[in-house]
Every structure is written in C-alpha cells, then in structure tokens.
Amino acid sequence: LQVKLLRVLERGRFTRVGGEREIEVDVRTIAATNRDPGAAVADGRLREDLLYRLKVLQVDLPPLRERPGDVSLLAAHFLGEINRAEGGSKLLSDDALRVLSIYGWPGNVRELKNTVERSVYRSKDPEQVITTLALDPFDTPFTLEEPREVAPVASQQAKRPPLLPTDLKQRLLDTEVD
C-alpha cells in the first residue's frame, strides 16, 4: 500500500483496480499520527521515501491534556454541532467546563467529543444547561441483564425477555411470525 501511495504522490496518477487507463489527480495530503514516524522508519514499518514525500510541512500539536485552554473552545464547538443537528440550545455549566478543563483526556479530542455527546443525550430537556458530565463511557443507564423477578402475576405466562437483547439475531428468530 505504501508503494502505491508513494507513486500517486510522486506521479499524480493511478490506475483503478481492474482498470486499463491511468487517472490524473491533483491532491494535497494531510497525514496525522500519534507515533514517531522516524521510529517507524527505523523499525521498517514506514518507507523512508514515503515519509519524506509526506513531510512537506510538519505541524506538531501537543495532546489535549497539555492544552487546557482549548478544551472549552472544542467542547463549545461540539455542543454547537449537536445543537444544530438536534434543534436544541443546550449549554455547559461553568462547573462542567471547569471539570472538562482539568480532566486528563487520554483519548484526546475524540474522547472530549464523545463525552460532550454522551452528556447531551443523557440530559433530557432540550433547553437544559448541562451540569452532569458523562466522562465514563462504560457507565451506562442501560442494562443487558435480565430484569429481577418480582412476585409472579397470574397472567404472566413466560419469563420476561431481557431489556436489551444480547443476541439480536436469535431474538429476531424467536419472535418471527410464520
């Protein structure tokens, strides 16, 4: 794959799989990595000539945890995108913004975006100021467990199904009508 990418970058042409003619392209490539490209070349995982072809202009951007001032700007941007898509006008409280700015963000910007999104969808009122953040992606209000049995009701014929099916395909087969 690296050889093919290098050829496209050098020649500005490629041939589709199964194609017979070359197609000309004029592209600018933006590549991002969280790994050291020099180490990848030394380890033989990245071609040196491809690295130099890609490395026309290098921008080093520190991780989000080292840029706490960017957190509120990015959070506001992500919240604005969600508000536009959902027709809401939610805001983050000052306390929520303070928590976001001191959190370590091991998942970087993607984790911030997902946290904002989770927090929006867990708040119920479309006009609400978000005061509670859903930082933990595994802390969920949903469950895949069987509901606990309460005193059986006479009309209850069968055991209640799980709240969310753990095997959707089997659940659909069980509920299909001939």
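Structure summary
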item: Every pair of residues 6+ apart whose Cβ atoms lie under 6 Å, when the first sits in the stretch 102-129 and is on the phi < 0 side of the Ramachandran plot while the second is part of a helix (DSSP H, G or I) and open to solvent by less than 80 Å² (accessible area, probe 1.4 Å); result: Val109/Leu64; Leu112/Leu74; Lys113/Phe78; Val116/Ala75; Val116/Phe78; Val116/Leu79; Val120/Ile82
item: Residue in the stretch 59-76 that is in contact with a Ser or Thr (Cβ under 9 Å, 6 or more places away or on another chain), farther than 30 Å from Asp139 by Cα and either open to solvent by 50 Å² or more (accessible area, probe 1.4 Å) or in a helix (DSSP H, G or I) (or both) present; result: no
item: In the stretch 49-58, the residues that are part of a helix (DSSP H, G or I) and open to solvent by 50 Å² or more (accessible area, probe 1.4 Å); result: Asp49, Tyr52, Arg53, Leu54
item: All positions within the stretch 12-28 that are closer than 17 Å to Arg53 by Cα, surrounded by 10 or more Cβ atoms within 10 Å (Cβ to Cβ) and among the hydrophobic types (A, V, I, L, M, F, W, C); result: Phe14, Val25
item: Qualifying residues in the stretch 77-91 (those that are open to solvent by less than 80 Å² (accessible area, probe 1.4 Å), under 20 Å from the mean Cα position of the chain (by Cα) and of a type outside the set (Phe, Trp, Tyr)) - the one farthest from Arg110 (Cα to Cα); result: Asn83
item: Lone unmet requirement of (1) loosely packed, with under 15 Cβ neighbours inside 10 Å; (2) farther than 30 Å from Lys4 by Cβ for Tyr103; result: (1)
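The values are calculated or read from the model by the stated rules, or taken from the named source; none is laboratory data. If you're wondering where the values come from, they're calculated on a predicted model, not measured in any experiment. No Cβ is skipped: glycine too gets one built from the backbone with ideal geometry, and neighbour counts run over all protein chains shown. Quick note on the areas: whole protein, heavy atoms, side chains included, nothing else; ligands and nucleic acids left out. Shrake-Rupley method; radii C 1.70, N 1.55, O 1.52, S 1.80 Å.
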